[in-house]
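Just so it is clear, none of the values below were taken in a lab; they were calculated from the coordinates. Given the structure is predicted, the values throughout are model-derived calculations rather than measurements. All Cβ positions, even for glycine, are placed from backbone atoms using ideal geometry, and neighbour counts span all protein chains on display.
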Amino acid sequence: MNWKEKALILLDKSLKPIPQELNEIDWKGGLSDDKERLAQHICAFSNLIGGGILVFGVNNDASFADMTQELIERTVLRLDNIAQNRMFMPIQIEHAVMEYDEHPLLFIYIPECREKPMRMRGSDIYSSYIRSAGHTVRMSPKQARLLIAESEGVNYEERIAKRGLTSDEVLSLLNYKKLFELLEHQLPSTTEGIISFMEELGICHQESTGYSITNLGALLFANTLSSFESMKGKGVIVRRYVGNNNRQLLLEQEGAMGYAVGLEGLIGFVMKNTGTEHIDGAVRELIPTYPRVAIREFVANALVHQDFAIRGMPITIEIFANRLVITNPGYSLNDVNRLIDLPPHSRNEEMAQLMLQLGLCERRGSGVDRAVEAMERMLLPAYKAESGNDFTRVTLYPKKSLSDLTKEERIEACYQHCCLAYADNETMNNQSVRARFGLNKNQGTIASHIIADTVAKGLIKPSNPDSESRKFVSYVPFYA
């Protein structure tokens, strides 16, 4: 696929069904006089994997603006001059005028640069820009250092958390027994055998000055994260509040161990603090508010997809009376409306692969599906996913009666149900929507209204638009 085809697909994705600017594309109603801001956009797109596109002729409200031939020529000339003369290294941009919905638009393609970070001429490497949640923002010093390392082929997980260790020190810092337990492998009888196995997984390395533990090894298997300078602040924080706001804190706990070592305990702690205790005689039972598989999946996603370049923002799990909120640093790499069907796009691929191998997360692309399926069985409202400049947030809600759900909540639940059916190679219909909302066969009219509202929102469509039958109509998501 060439960049022009990709540009039209990205523009369509950003405008429908809900207008939203993406990291890969930025709308412009016309040519700005702010050359510095235009330079920042070019800089940010050149630091983005695959580059990015400025599209002129689309206003901030997603309406279309007129692009005259004179304005097109002037825009191309100005941007080419900025790309050639204001960057520390010239960038060869490309342009094309293409029609979208009968509107001629100017597309400017900024390719990804090989030597990152790209920056403006006369500035240092820390005066650079990146794309974040559809916006151009200044890069932090740590993000710049990470980008340099990635350009040199060294990702975060491969970097060293602690070096100059003996083999015994490695084993004292890491919970190697948990590694073999999760993999269901027999523990080697010698230290050399244990170390050798961990080296194969990228958990530690032998160097001339002794052994080193990688960030991957520390993140997943540290007995105590604070034993590693680079791991401070990486523990997951759980906060429970009184009521529906954060004004009165009931408890706070920060995870001290590596993710692989402490994940089951973390999930159990959240389940305990969100569930309701029921006592029947001498039997004490915890009735869950949220399905364990959903909490596990969204917490595992937060761990794997966090942006380690963002400091001072640990992963947090906040428990309120009316919701459970999981927040991780870093904007979502996938469209938050497509988490069910799109394969996960991870910032930390080595950690994602090892956690999959350890059985700590679902097979690729199935985890959110399983979470939604479990939430539907409990008749819970749809989850809500949000992505900002430097965070991704997922919110789960306890069970509500249909009458207590807002129109938007009904629409979102219907849409996610349709996505789940489509992922299962099926279609959604009135009967399945009734089951989703716990309605009986005499409440088909209510299901029809929910479906109609979701169609009107542009989130779903008939699977066969040419069919004249209204009785057996079925639906698929808008992207099908």
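Computed per residue of the chain from DSSP H runs no shorter than four, each worth -39500 (n - 2.57), the mean residue ellipticity at 222 nm is -11000 deg cm²/dmol. Think of the range 196-262 as having a plus end and a minus end, set by charges on the Cβ of Lys, Arg, Asp and Glu; of F228, N245, V261, N245 sits farthest toward the positive end of this dipole. Working from label points 7 Å from Cα in the Cα-to-Cβ sense, the T406 to D101 distance is 2.5 nm.
Over all distinct Cα-Cα pairs of the range 372-480, the Kirkwood formula returns a hydrodynamic radius of 14.4 Å.
Protection proxy ranking for 12-23, 300-311, using the average of other Cβ atoms within 10 Å per residue and placing the highest first: 300-311, 12-23.
Placing unit charges on the Cβ atoms of the charged side chains and taking the dipole of the chain about its Cα centre, the candidate lying farthest along the positive direction among C418, V299, L286 is L286. In the calculated pair-distance distribution of the chain, the portion above 39 angstrom amounts to 34 percent of the Cα-Cα pairs. Need the C-alpha centroid separation for the range 283-357 versus the range 106-156, integer Å. Answer, in whole Å: 26. Note on E349 and I279: their simple-model spin labels are 5.4 nm apart, each label 7 Å out from Cα toward Cβ. Volume of the convex hull of the range 80-122 (Cα atoms only), normalised per residue: 78 Å³.
A Cβ-based charge dipole, computed about the Cα centre of the range 20-173 with Lys and Arg at +1 and Asp and Glu at -1, lands at about 840 debye.
Once the Cβ-Cβ distance of L356 and I287 is raised to the sixth power relative to R0 = 45 Å, the FRET efficiency obtained is 0.90. The mean sequence distance of close C-alpha pairs (under 8 Å, at least 6 residues apart), as a share of the length of the range 1-113, puts its relative contact order at 29 percent. A Cβ-based charge dipole, computed about the Cα centre of the chain with Lys and Arg at +1 and Asp and Glu at -1, lands at about 1120 debye. Simple rule: put +1 on each Lys or Arg Cβ and -1 on each Asp or Glu Cβ in the chain, find the dipole, and look at L146, C113, S387; the Cα lying farthest toward the positive end is S387. Work out, in µm²/s and without decimals, the Stokes-Einstein translational diffusion coefficient of the range 21-143 at 25 °C, 0.890 mPa s, Rh from Kirkwood over C-alpha pairs. Answer, rounded: 169 µm²/s.
Sorting 199-209, 113-123, 170-180 by average packing, meaning the other beta carbons within 10 Å per residue, from highest down gives 170-180, 113-123, 199-209. Compactness check for the range 119-246: Cα Rg over 2.2 N^0.38 Å is 1.38.
Computing FRET efficiency as 1/(1 + (r/R0)^6) for L379 and A456, where r is the C-beta to C-beta distance and R0 is 25 Å, gives about 0.55. Taking only the alpha carbons of the range 6-56, we obtain Rg and Dmax values of 11.3, 32 Å in that order. Here, the range 168-317 yields an orientationally averaged convex hull projection of 12.2 nm² when only Cα atoms define the hull. Using the average count of surrounding beta-carbon atoms within 10 Å as a protection proxy, the listed peptides 94-103, 253-262, 33-42 rank, highest first, as 253-262, 33-42, 94-103. Computed about its Cα centre, the charge dipole of the range 140-294 is approximately 760 debye, with only Lys, Arg, Asp and Glu carrying charge at their Cβ. Start at zero, step by 10 Å, and the Cα-Cα distances of the range 106-163 spread as 20, 46, 26, 6, 1, 0 percent across the bins.
Each label was represented as a point 7 Å from its Cα along the Cα-to-Cβ direction; for A480 and Q92 these points are 4.4 nm apart. Annotation: lysines with alpha-carbon distance below 28 angstrom to K400 (same-chain offsets under eight excluded): K272, K384, K441, K457, K461. Panel values: the range 321-402, Kirkwood radius from alpha carbon pairs, Stokes-Einstein at 20 °C and 1.002 mPa s, translational diffusion coefficient 153 µm²/s. Set the Förster distance to 51 Å, then compute FRET efficiency between S123 and L251 from the Cβ-Cβ distance, nearest 0.05. FRET efficiency, S123 to L251: 0.65. Largest first, the extents of the alpha carbon coordinates of the range 422-465 on the three principal axes equal 26, 24, 15 Å.
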